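One structure is given here, and the rest of the page talks about it.
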Amino acid sequence: MKNDHLDMDRTRSELLAAIKLHVPFDGWSEPAFKLAVSDLGLDPGLARVVCPRGAVDLAVAYHREGDAEMLKRLEEADLSGMKFRDRIATAVRFRLEEADPELVRRGAAIFALPQNATTGSKLIWETSDKIWRALGDVSEDYNWYTKRMTLSGVYSSTVLYWMGDESEGKGDTWAFLDRRIEDVMQFEKVKGAAMKLPFLPKLLGGIRAPKGTDDMPGREAH
């Protein structure tokens, strides 16, 4: 069983590498998926087992590949001398530096479709969760939710800005990101003050962090 999973993961990785050549022209589409399958000489039935949704599953794999590269860079980087806001900004910057603007632009288009919108939102929450956890966050209550919510907004808006940014070295994007991070820090200050109100801790006490990516973005304990 383990070898079967390894084979599927390897095949998915090969399909992802193959489809990247076609996405700039055909998007994360069925024609691009079929071209990738053909390039590999792969049985179409097997390809559909590995990726039931075709190119959509490969777009998901591409997003998660970027997350993995970001986490690798964060592990290798020395962030000890940075303020926490700068650590968050660095993580988001690492994430975008690992991405191809055209592949992301095409991904944004496919995840904007109604049938894929939930998947796209889940991926953004996953990225935000990975950033917070990589930076040491261990919250399991309402704080998990508010932190991911605000960072998801920051990440999404920064990606949109980044896709259209033609400034040298994406300098305008990094300045935009710094301004959005300041919004997060201000929100945390406001949240801290609000939690001093006697009724809020009890009201929010039932909120729990999800147990895994299939449980995104959160749940309420019963």
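Every read-out reported here was derived from the displayed coordinates using simple, explicitly stated rules and does not represent laboratory data. No experiment lies behind these values; they were computed from the predicted model shown. Counting neighbours? That spans all protein chains shown, and the Cβs are built from the backbone with ideal geometry, glycine included.
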FRET efficiency for ARG53 and ASP141, using Cβ-Cβ distance with R0 set to 35 Å, rounded to 0.05: 0.55
Estimated FRET transfer efficiency (GLU102, MET185; beta-carbon r; R0 30 Å; 0.05): 0.40
Centre separation in Å (Cα based) which lies between segment 103-175 and segment 14-33: 22 Å
Equivalent ellipsoid, segment 25-170 (semi-axes from 5 times Cα gyration tensor eigenvalues, Å): 30, 17, 15
Principal axis dimensions, largest first and in whole angstrom, of segment 87-151 by Cα: 33, 26, 13
Packing-based ranking, highest mean first, of 49-60, 28-39, 80-91 given that Cβ atoms within 10 Å are counted: 49-60, 28-39, 80-91
Under 18 Å from LYS20, Cα to Cα: aspartates and glutamates that are on another chain or at least 8 residues apart: ASP9, GLU30, ASP39, ASP57, GLU65, ASP67, GLU69, GLU97, GLU98, ASP100, GLU102
Qualifying aspartates and glutamates (Cα of each under 14 Å from Cα of LYS147; at least 8 residues distant if same chain): GLU126, ASP129, ASP137, GLU182, ASP183, GLU188
